[in-house]
Structure formats: C-alpha cells, structure tokens
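J.: Next up is a structure, given as structure tokens.
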Amino acid sequence: QVQLVESGGGLVQPGGSLRLSCAASRTISSIDAMGWYRQAPGKQRGLVATITNIGVTNYADSVKGRFTISRDGAKNTVYLQMNSLKPEDTAVYYCGARTNGYVYWGQGTQVTVSS
C-alpha cells in the first residue's frame, strides 16, 4: 500500500510558476510509476505527466515544454514544476502511484491560474 500527500497548490497569475510535491509513504524506487493527473470542473481526470522507477517520463501534449516532472529518491517525493501557467491549467491536481497492479491516489491539491 502507498499513501500519497500532495502540496504546493495555490493561486497564481497567468505566466507564473508553481511547484507541486507528492510525498510517498514508501521508497519510490519500489513503485513502478508515479505521476500527476488533473481534473477541472465538469471534466474527467486526465494525465499531466508520469515518471517510471527508471526515470522515463511522459507528458500530455498540452504541458510539454512548460511542465517538468522529477523525483527525489532520498525524500521519496515526486515534483511537478509548472511554468508559464495558463488559465486552462486550473484544476485539482492529483498524485498517483501504480505498483503491483494497484493504483493509489492522493487527496489532490487545487491549482488556480487567474489574474
């Protein structure tokens, strides 16, 4: 089992930056893949970015070149650096972990991009 705790969300102006953090309850090298997903009001939850336990990354086309996913094994934490934020990035961002055939979710953190 994996517990995930997200932090770092908030209100930011268009063009600004935020860094989200996802702390896992166990060593992330034992987790097959972790990632960030988001859900805007009235929409389904969708992929933002993922990173495997060997460091392979994948991004949604809408965030390529603006967002960067990374991880710190010593802190068992995965990050999402978000730059050049747009109003359409507004959503609840969830951290997810997939391992041993199970998927675990954090509680989510709100990101609002507005002037």
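J.: Quick one: Karplus J couplings for segment 30-40, per residue in order, coefficients 6.51, -1.76, 1.60, θ = phi - 60°, nearest Hz, x for Gly and Pro?
T.: In residue order, the calculated couplings are 8, 9, 4, 7, 10, x, 10, 10, 9, 9, 8 Hz.
J.: Moving to a separate point now. List the trypsin sites (Lys or Arg not before Pro) within segment 37-101 that DSSP assigns to loop and that have no more than 14 neighbouring Cβ atoms inside 10 Å.
T.: 43, 64, 75
J.: Something else now. What is the extension gain from residue 66 to residue 83, computed as 0.36 nm multiplied by their sequence separation minus the C-alpha to C-alpha distance, in nm to one decimal?
T.: That works out to 5.6 nm of additional length.
J.: Under 16 Å from the Cα of residue 75, which aspartates and glutamates turn up, not counting those fewer than eight places away in the same chain?
T.: 6
J.: Now a separate question. With viscosity set to 0.890 mPa s and temperature to 25 °C, compute the Stokes-Einstein D of the chain, Rh being the Kirkwood radius across alpha carbon pairs; µm²/s, no decimals.
T.: 176 µm²/s
J.: Please give, to one decimal in nm, the separation of the simple spin-label points placed at residue 26 and residue 40, each 7 Å out from Cα toward the Cβ.
T.: 3.6 nm
J.: Here's another thing I want to ask about it. Determine which lysines satisfy two conditions relative to residue 43: a Cα distance under 26 Å, and not lying fewer than 8 residues away in the same chain.
T.: Qualifying lysines at Cα under 26 Å: 64, 86.
J.: Once you have the Cα-Cα distance between residue 19 and residue 102, take 0.36 nm times their residue separation minus that, and quote the gain in nm to one decimal.
T.: That works out to 27.2 nm of additional length.
J.: Would you compute, for the Cα atoms of segment 21-83, the largest minus smallest coordinate along each principal axis and list the three values in descending order, in whole Å?
T.: Principal-axis extents of the Cα atoms in segment 21-83, largest first: 35, 24, 18 Å.
J.: On to the next question. Report the antiparallel proportion of the DSSP beta bridges in the chain as a percent, rounded to a multiple of 5.
T.: Around 95 percent of the beta bridges assigned by DSSP in the chain are antiparallel ones.
J.: Quick one: compute the contact order of the chain, relative version, from alpha carbon pairs under 8 angstrom and 6+ residues apart, as a percent.
T.: 37 percent
J.: Using θ = phi - 60° and the Karplus curve 6.51 cos²θ - 1.76 cosθ + 1.60, what whole-Hz ³J(HN,Hα) does each residue of segment 50-57 get, with Gly and Pro shown as x?
T.: Running phi through 6.51 cos²θ - 1.76 cosθ + 1.60 with θ = phi - 60° gives 9, 9, 8, 6, 10, x, 6, 10 Hz.
Here, each number is a calculation from the coordinates, and none is a lab measurement. None of these values were measured; they are calculated from a predicted model. Ideal geometry is used to build each Cβ from the backbone, glycine not excepted, and the neighbour counts take in all protein chains shown.
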